[in-house]
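Each remark here refers to the structure printed beneath this line.
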Amino acid sequence: MRHRIAVVGSGPAGLTFARVLHRHDYPVAVLERDPSPDARPPGGTLDLHEGLGQLALDKAGLLAEFQALSRPEGQAMRILDADGTVLRDWRPRPGDRANPEIDRGQLRDLLLGPLDVRWGRGVTQVVPGTRDGVLVHFADGRQETFDLVVGADGAWSRIRPAVSSVTPHYTGVTLVETSLDDVDTRHPDLARLIGDGSVAVYGVNRALVAQRNSGGHVKVYAQFRAPLDWHTNLDLADVEAVRSSLLALFDGWASPVLDLLRHGTAFVHRPLYVLPVSHTWTHVFGVTLLGDAAHLMPPLGAGANLAMLEGAELAESIATGPGDLDEAVRAFEEQMWARAGRWAKITMAGLERLVSPDPAEALALFDQVQPS
């Protein structure tokens, strides 16, 4: 008899887990609170690493389809000084597919494929150790039991409290996101500034980063160190007030750089939270976590990659292992904790250098990661 397995959350972690199980003809219930795949904007673009996210897609049998959709040219990275001087202009070599970009929406659709997701099934709580297994409470009052519930439901996971009392804490760095549409036609100067991939400008305790998505769409991120309540006297729903506040924060920067903010449409406040670097928990029979639910870290290119590989590895160990479900989960957790702990240290150190009192730290970090 196959185990009754549910994964909560239809992000990259949950869908990769489900897709690998599906490839092995192993049933899984995907529980998602959103009423449909397009209920919310899918977010920006992701760079999937050869040994992480791409490996996960290979385990799901989707690597060739990913390669057809992804944008290797999106690996390009340009770094400017606040006065607009180009400090670095790195471009991938032909055939370089180490970290190609893909829009989150495209990745979601690729992973969804034939999966049967239970949309609109918000989970409020899970209770392990009941007579029939792990009891899942839904927002609509219904209940269901499973042998294993995998929490892949992000930073503010409803599954995490079943295994850990730890909650995310604020890093001291805030992002404010905006976007540009049809950039090549409507803002050709900015399109040239951004190039095929990303452009980053670093100042004292602040940065501006613009990242090209497909279809001429660009995401812009203002990053700065500030108290969590920095916006107390600012109406975040007032687009022009937020724009003015950000322009004041980056006052003195080159005008072409500030155009990234001047031409932005809506603004979204995204304070950066993380879990402790070495977040682990005492194993709980029938419940485990993946991705941000397990190891929320700064968004520096590792989180989604780790989440996808974790989902693929756990699914493989369940579908192809000797049959002891709890033993497979225990072994998975030990492996996940060790690897995620290493990446959490790297990304926290990276955030300290990218939003730093000394902008030269950001440039030095780039030179370490992407030497010319």
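The values are calculated or read from the model by the stated rules, or taken from the named source; none is laboratory data. Quantities reported herein were computed from a predicted structural model and do not represent experimental measurements. So basically every Cβ, Gly included, is an ideal-geometry build from the backbone, and we count neighbours across all protein chains shown. Protein only, heavy atoms only, side chains kept; ligands, DNA and RNA dropped before computing areas. Shrake-Rupley method; radii C 1.70, N 1.55, O 1.52, S 1.80 Å.
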message = I'm checking my understanding of the structure. Among residues of the range 30-52 that are out of contact with any Asp or Glu (no Cβ under 8 Å at 6 or more places or on another chain) and among the small types (Gly, Ala, Ser), which one is modelled with the lowest pLDDT?
response = 43
remark   = With the first residue restricted to the range 271-283 and required to be closer than 12 Å to residue 171 by Cβ, and the second required to be open to solvent by less than 20 Å² (accessible area, probe 1.4 Å) and small (Gly, Ala, Ser), Cβ contacts under 6 Å at 6 or more apart or on different chains are 277/344
remark   = Apart from one, (1) farther than 30 Å from residue 191 by Cα; (2) not in a helix (DSSP H, G or I) all hold for residue 266; the odd one out is (1)
message = Can you pull out every residue in the range 117-141 that is over 23 Å from the mean Cα position of the chain (by Cα), in contact (Cβ under 8 Å) with a residue 12 or more places away in the chain and in a loop (DSSP other than H, G, I, E, B)?
response = 132, 139, 140
request  = Could you grab me the full set of residues in the range 76-102 that are on the phi > 0 side of the Ramachandran plot and either in contact (Cβ under 8 Å) with a residue 24 or more places away in the chain or surrounded by 15 or more Cβ atoms within 10 Å (Cβ to Cβ) (or both)?
outcome  = 84
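Only one residue in 105, 120 is under 16 Å from residue 39 (Cα atoms) and surrounded by fewer than 17 Cβ atoms within 10 Å (Cβ to Cβ). Which one?
After ruling out the rest, the residue left standing is 120.
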ask   = Does residue 231 count as within 25 Å of the chain's Cα centre (by Cα) and over 22 Å from residue 193 (Cβ atoms)?
value = yes
request  = Taking residue 42 as meeting all but one of (1) in contact (Cβ under 8 Å) with a residue 60 or more places away in the chain; (2) out of contact with any helix residue (DSSP H, G or I) (no Cβ under 9 Å at 6 or more places or on another chain); (3) within 19 Å of residue 291 (Cβ to Cβ), write down the number of the exception.
outcome  = (2)
note = Scanning the range 197-228 residue by residue, the ones that are farther than 30 Å from residue 71 by Cα and under 24 Å from the mean Cα position of the chain (by Cα) total 5
